[in-house]
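Throughout, read-outs are computed from the coordinates displayed, never taken from laboratory work. Everything quoted here is computed from the prediction, not taken from an experiment. All Cβ positions, even for glycine, are placed from backbone atoms using ideal geometry, and neighbour counts span all protein chains on display.
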Amino acid sequence: MTINQHWTLPEGIEEVLPEQAAKFESMRRLILDLYAGWGYELVMPPTIDFIESLLTGTGHDLDLQTFKLVDQLSGRTLGLRADMTPQVARMDAHQLKRDVPTRLCYIGTVLHARPESIGDSRSPLQVGAELYGHAGVESEVEIIGLMLQTFSALEIDDIYLDLGNVDIYRGLAQQAGLSDEVESQLFEMLQRKAITEINELLYALEIDDSMKAMLSGLPSLNGGKDVFVKARMLLVDADAAVIDAIDYLEKTAELMWQQYGDITVNFDLSELHGYHYKTGVVFAAFVPQLGQAIARGGRYDDIGKVFGRARAATGFSTDLKVLNQLSSKQFDVVDKIFAPAADDKNLKVKIAQLRAEGRIVIEELPGQNGDAAAMGCNKTLCLADGQWQTE
């Protein structure tokens, strides 16, 4: 027997019904108004793009996440965007070409060929903000502050942050003279905090003992403010670039606390999320009820290079669908006014007047089933003393 499955959706792809769509729209407007107040201008990257543009900078990590197809006009490979950051970087570098700091934001659906973890959506509603053209800790702190304000506006509480700096590991790997292959192996082990494997790999390398001790000790540099004291003791023989990266991370945290209060932070100096394209501080936001980050960000100064103009850049992104699950904010219920089916010129004038005021008016169709309540209306237009009024 053939089962009709025309109504089914691909795994990880969801429909959004009217009530939920209305809430998403309210959240979208709130967020974009917030970002506009900070000077972040809205951009709208295309849903589909040449694969070279999508797999640039951050995009190399997104290769397996990107749906690909062939353009019948040009014969070139196209991709459905899995992340908007490379496209926004192109706008900054190639289209806008500004010499001043540029603040851009975006919101829209992205598509993932596979979920990031079991049960995740493959069509996140990505929200993000990016700041181009400034290379100081103030940029990181502004972006982190905007991310925190996003959570606050949606009444998402109990946020804590993970902060790291990929330049610490990058500097140590360069100082040790690790080959690309060994650097990648060690990188993967550090992500898993696989201490035994790390020690076995380092033991087999022909590098001095102090270098081995610094690399093997990275996973232990995890915790509160005291991490910086431990780091300077453990990495005492590290090159200046590594020490500078530690200092930069500490300055970022201090300025963040100064501006936004006593935010709970876990410092992880072996955190390497986005290592292949990030160029400095990386951060992620968490809540106790979820075991994965609800937002991620960091610095990626080289992302615009392939578009002919590498500018300092930092930003963050999140998924509006995830924020919706966590938000306790209640949005105002909009009145819906039911207008009866009546051949009355004054009724039509009243309906037009209400709609011009921004009110929602649903007109009854002759012979239809369902009254005002069935149509989701909480008010009705009624004729009283020769005047049409809402009741």
Hydrodynamic radius by Kirkwood, which averages 1/r over all alpha carbon pairs of the chain, in angstrom: 24.2
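One quarter of the convex hull surface, Cα atoms only: what value does that give for region 288-391 in nm²?
Reported value for the Cα convex hull: 13.4 nm².
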What whole-number value in cubic angstrom gives the convex hull volume per residue for the C-alpha atoms of region 76-230? 206
Divide by every residue of the chain the summed helix terms, -39500 (n - 2.57) for each DSSP H run of at least 4, and state the resulting mean residue ellipticity at 222 nm, rounded to the nearest 500 deg cm²/dmol. -10500 deg cm²/dmol
With everything on Cα atoms, drop me the angle between helix 166-176 and the longest principal axis of the chain, reported from 0 to 90° to the nearest 10. 20
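More than 27 angstrom separation, counting every C-alpha pair in region 9-137; what % is that?
On the way: 2204 of 8256 pairs.
It works out to 27 percent of all Cα pairs.
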Specify which residue in the list G164, A384, F24 is farthest towards the positive end of the charge dipole of the chain, using unit charges on the beta carbon of Lys, Arg (+1) and Asp, Glu (-1), about the Cα centre. A384
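With r as the distance between the Cβ atoms of A356 and Q95 and R0 = 45 Å, compute the FRET efficiency 1/(1 + (r/R0)^6) and round to 0.05.
FRET efficiency, Q95 to A356: 0.75.
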Selected from A213, A339, A245 as most flexible by GNM, with the chain as the system and alpha-carbon contacts under 10 Å: A339
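Nothing charged except the Cβ atoms of Lys and Arg (+1) and of Asp and Glu (-1): what's the magnitude of the dipole of region 274-391 about its Cα centre? Round to the nearest 20 debye. Intermediate results must be reported in sequence, preceding the final value.
On the way: 15 positive and 13 negative charges, 203 e Å.
That gives a dipole near 980 debye.
Any chance you could run the full-extension gain for E15 through K230? It's 0.36 nm times the residue separation minus the Cα-Cα distance, nm to one decimal.
On the way: separation 215, 0.36 × 215 = 77.40 nm, distance 4.94 nm.
Length gained between E15 and K230: 72.5 nm.
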Mean-square fluctuation check for the chain, GNM, Cα pairs under 10 Å: which of G274, G304, G358 is largest? G358
Close Lys-Lys pairs in region 150-309, where close means Cα under 30 Å and separation is 8 or more or interchain: 16
Just to be sure I understand: with springs between alpha-carbon atoms less than 10 Å apart, which residue in P124, P115, P366 has the highest mean-square fluctuation in the Gaussian network model of the chain? P366
Leading residue at positive end of dipole, region 171-249 (Cβ point charges), from L201, V242, S220: S220
The Cα extents of region 120-184 along the principal axes, largest first and rounded to whole Å, are 47, 33, 25
